[in-house]
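J.: What follows is a structure written as C-alpha cells; I'll ask about it next.
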Amino acid sequence: KRQKSIRNFSIIAHIDHGKSTLADRILEKTGALTSREMKDQTLDAMDLERERGITIKLNAVQLKYTAKDGEDYILHLIDTPGHVDFTYEVSRSLAACEGAVLVVDAAQGIEAQTLANVYLALDNDLEILPIINKIDLPSADVERVRQEIEDVIGLDASEAVPTSAKAGIGIEEILEQIVEKVPAPTGDPSAPLEALIFDSYYDAYRGVVASIRIVNGTVKVGDKIRMMSTGKDFEVLELAVATPKPLRQQELTVGDVGTLSASIKTVGDVRVGDTITLAKQPATEALPGYRKMNPMVYCGLYPIDAAKYNDLREALEKLQLSDAALEFEPETSQALGFGFRCGFLGMLHMEIIQERIEREFNIDMITTAPSVIYHVTTTAGEVLHVDNPSKMPDQQKVEFIEEPFVKAAVMTPNDYVGAIMELCQKKRGTFVDMQYIDTTRVKITYELPLSEIVYDFFDQLKSSTKGYASLDYELIGYQQSRLVKMDILLNNENVDALSFIVHRDFAYERGKVIVDKLKELIPRMQFEVPIQAAVGTKIVARSTIKALRKNVLAKCYGGDISRKRKLLEKQKEGKKRMKMVGSVEVPQEAFMSVLSMD
Ligand code: GTP
C-alpha cells in the first residue's frame, strides 16, 4: 500500500525555462518548506550554481501530498541539471524515476535541450507530463507551444498544464497529474536488494554518502551491503531521506529514494551507477548501469604553488566522487612542472571544476587550453590517442590525424539562419539538413569538428542570434582532417603548455592572432621578449613584447599614498595567477588565448 502511494519524478527543461522555480513552488505547495523558510531556488544548493543559474549537482527531496482523491502520496522529486554538458547526469537521475515533468517556456517554445531531455526520458521509459510555463509573460503563446509539443515531440499535449511557476499558477494541477499519471514503483520488497546509486558525496563525519533508489528488496541499518561492481562489503550505519531536512530512517524499501552511509572512506568504493545489494542474499545481476560518459575535453591543471600538488590530487579525488565523468592523471610540463591532465564533458563542466577547486579547496591553478582527443596514425602504423597537443608526434612521423566530429542541432528563429550557416561554415562545418518547426522557427543540422564547438562556438552562436538560438550536439565519430601542431616560443624557448592543434588552412591566421594576443597578455619585462608561432621548424608568425622602461609606481608620483597601495595590491592580486616560464612571467589568460579566434 505504501509502495502504491510513491511517485518518483524529475523535472526536465531547456535551460532557463523555469525548472528550479517550479521545483521551489512544488516544495512550497507540499509544505516541505514555508515560503519564509525558503531561500529562492532551494534545490540549487551550491553557491556556484546559484551564481551561474544552472543546476549541476543532483538532489532528491521527499514530499508529502494529499491529493484531491483524499489519498496521501509520497513524492520524490529528483533534480536534474539542464546544460548540454551534463546530459550524463540527467540520464543518471532519470534512471531513478518513473515520470518526468517537461517544462516548456510559453514564449520560447521547444529548444534544443528540450528535445535532448525528452529523448533521455524516453530512453528511460518515463511517463512524460508536458507543462507550459511562464504564461504570465505578455509574449506567452500557450496554444502555439501546445501545438509545437505535439508536432515536434509527438507527445499528447492536450492536458499540458498552463503554468506560471513564478506566480504559483497551475502547481496543484501538476501535482494532481503526477499522482494520476506517473506509475507507482514496481518491484518486490522481499526480493534480494537492488539499490541504484545515482549520486554520492563526501561528508567529513560519515565518509562517502550514496544517494540511492531502491529498485528491489529492503535495506536496514546494520545490514551488511555489497557493492556489485567491486564485491566490497560494508555495514550500513545510517539511512536517511531529505524532506529536505535529513530525516533518519531504520530502513528503505522499494521505491524509496534516500541516502546511505556505511563509513566508506575510499572515494573509489562508491561508484555512481553501481548497484548495492546485501552480502547475505545478493542479487544475481546488477541493474543496467549507466552508459559511462567519456570526457570530450581535456586540459592540464597545474598548482601555482608546487607544494599544493598533493592537495590538488585530493581535491580532484573528492570531486570525482560525485562526478563520475571527471577524469584525471598526473602529467608533467616543462613549462609548468607537476600537474594533472583532466578530462571533462565540455567547457562548462571544465570551468565549474576549476572554480570549485579554487573556491572549495583554495588552490590557485594555471589551466592550459582545452583540447579534444586526436587519433594519430604514425608512419609506423601505430595509432596514438593524443589528449595533449604537446604530445603530438613530429610531423614527419605522422601518417594522418583524425579528430572527433559532432552532429549539432541548432534551433533558431528564421531571421538568423544566414548568420548561423556562416558561423558553421567558418567552423569547418558540413551542412546536413534544415527543417521548419513552424512558420517562424527552424532546426538546422551540421556536422562540425568537436574542437571547434569546444572553443567559442556557443558564445558566438549566442551573440550572432541575440541569444535566441539553442544548441544540442552528439558525438558521431572520428574523421580525418588536415591538422598540424602549432608551437609557441617565448624568448626563443618552446612553451609546451601553449602548443595547440590547428587546421593547416588556418595555421597562419591563427598563429598571427595568438602571438598578438600573447603580446597583450604577457606583462613587460626588463628585457625584450620575442613571441613566435611555429609549425615544425617553420616560424609562421611573430611579435615582440617591448622591454619595460618605467616603474609602475612612477605614474603615481604626486598622488596620495592610498592610491599607490591600491595599485600595488592590484598587482599582487594579478600575480596570483601567474607562472614563471623560463624567465618570462605568463598569466593564466595567456594559456587560454588559443580559445579566442578574433
Ligand atoms: P537552470 O537551473 O539554469 O536549468 O534554469 P531553470 O530551468 O531552472 O530556470 P529557473 O527556474 O532558474 O528560471 C529561469 C528564469 O525564468 C528565472 O529568472 C525565473 O525567475 C524565470 N521564471 C521561471 N518561471 C517563470 C514564470 O512562470 N514566469 C516568468 N515570468 N518567469 C519565470
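The values are calculated or read from the model by the stated rules, or taken from the named source; none is laboratory data. Keep in mind it's a predicted model, so treat the numbers as computed, not measured. So basically every Cβ, Gly included, is an ideal-geometry build from the backbone, and we count neighbours across all protein chains shown.
J.: Please determine, by comparing only the residues of the range 17-27 that are near the ligand (Cβ under 6 Å from one of its atoms) and more than 13 Å from Ile132 (Cα to Cα), which one is farthest from the chain's Cα centre (by Cα).
T.: For the range 17-27, the residue satisfying everything is Thr21.
J.: While we're on this one: If you scan the range 372-390, which residues turn out to be in contact with a helix residue (DSSP H, G or I) (Cβ under 9 Å, 6 or more places away or on another chain) and farther than 28 Å from Val432 by Cα?
T.: Thr378, Thr379, Ala380, Leu384, Asn388, Pro389, Ser390, listed by residue number.
J.: Now a separate question. Which ones in the range 220-259 are of a type outside the set (A, V, I, L, M, F, W, C), surrounded by fewer than 17 Cβ atoms within 10 Å (Cβ to Cβ), under 30 Å from the mean Cα position of the chain (by Cα) and under 23 Å from Lys1 (Cβ atoms)?
T.: Matches in the range 220-259: Thr243 only.
Here's the yes/no breakdown for (1) out of contact with any Phe, Trp or Tyr (no Cβ under 6 Å at 6 or more places or on another chain); (2) hydrophobic (A, V, I, L, M, F, W, C); (3) in contact (Cβ under 8 Å) with a residue 60 or more places away in the chain:
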position	(1), (2), (3)
Glu127	yes, no, no
Arg146	yes, no, no
Val161	yes, yes, no
Val182	no, yes, yes
Ser190	yes, no, no
Asp199	yes, no, yes
Gly217	yes, no, yes
Lys224	yes, no, no
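J.: Right, next: Quick one: in the range 271-304, which of the residues that are among the β-branched types (Val, Ile, Thr) and in contact with a helix residue (DSSP H, G or I) (Cβ under 7 Å, 6 or more places away or on another chain) is farthest from Pro192 (Cα to Cα)?
T.: Among them, the one singled out is Val297.
J.: Name every residue in the range 143-168 that is over 31 Å from the mean Cα position of the chain (by Cα) and of a type in the set (A, V, I, L, M, F, W, C), in order of residue number.
T.: The answer is none; no residue qualifies.
J.: Would you list the strands (runs of 3 or more DSSP E) that sit entirely within the range 119-228 and hold 2 or more residues that are polar (S, T, N, Q) and within 16 Å of the ligand (Cβ to nearest atom)?
T.: Counting at least 2 such residues, we get no strands (runs of 3 or more DSSP E) at all.
J.: Still on this structure, I have one more. Among the residues of the range 54-68, are any at pLDDT 60 or above, within 13 Å of the ligand (Cβ to nearest atom) and not aromatic (Phe, Trp, Tyr)?
T.: Yes, the conditions are met somewhere in the range 54-68.
J.: Return the residues of the range 188-219 that are surrounded by fewer than 17 Cβ atoms within 10 Å (Cβ to Cβ) and more than 32 Å from the chain's Cα centre (by Cα); say none if nothing qualifies.
T.: Asp188, Pro189, Ser190, Ala191, Pro192
J.: Being of a type in the set (A, V, I, L, M), touching a residue at least 60 places away in the same chain (Cβ under 8 Å) and crowded, with 21+ Cβ neighbours inside 10 Å narrows it down to one residue among Leu312, Leu278, Leu287; which is it?
T.: Selected residue: Leu278, the only one of Leu312, Leu278, Leu287 that is of a type in the set (A, V, I, L, M), touching a residue at least 60 places away in the same chain (Cβ under 8 Å) and crowded, with 21+ Cβ neighbours inside 10 Å.
J.: Residues to consider are Asp456, Asp415; find the one that is loosely packed, with under 15 Cβ neighbours inside 10 Å and outside any strand (DSSP E or B).
T.: Answer to the selection: Asp415.
J.: Further question on the same structure: For the range 511-533: of the residues being buried (at least 18 other Cβ atoms within 10 Å of the Cβ) and touching a helix residue (DSSP H, G or I) at 6+ places or on another chain (Cβ under 8 Å), which is farthest from Met392 (Cα to Cα)?
T.: So the residue we want is Ile522.
J.: Restricting to the range 402-439, what's the tally of residues that are among the basic types (Lys, Arg) and free of Cβ contacts under 8 Å to residues at least 24 places away in the same chain?
T.: Counting residues in the range 402-439 that are among the basic types (Lys, Arg) and free of Cβ contacts under 8 Å to residues at least 24 places away in the same chain gives 1.
J.: Do we find that Asp496 is surrounded by fewer than 22 Cβ atoms within 10 Å (Cβ to Cβ), over 28 Å from His349 (Cβ atoms) and in contact (Cβ under 8 Å) with a residue 12 or more places away in the chain in this structure?
T.: Here the answer is no, as Asp496 does not meet what is asked.
J.: Name the single residue, out of those in the range 28-53 being over 30 Å from Gly187 (Cβ atoms), charged (D, E, K, R) and more than 9 Å from the ligand (Cβ to nearest atom), that is modelled with the highest pLDDT.
T.: Glu28
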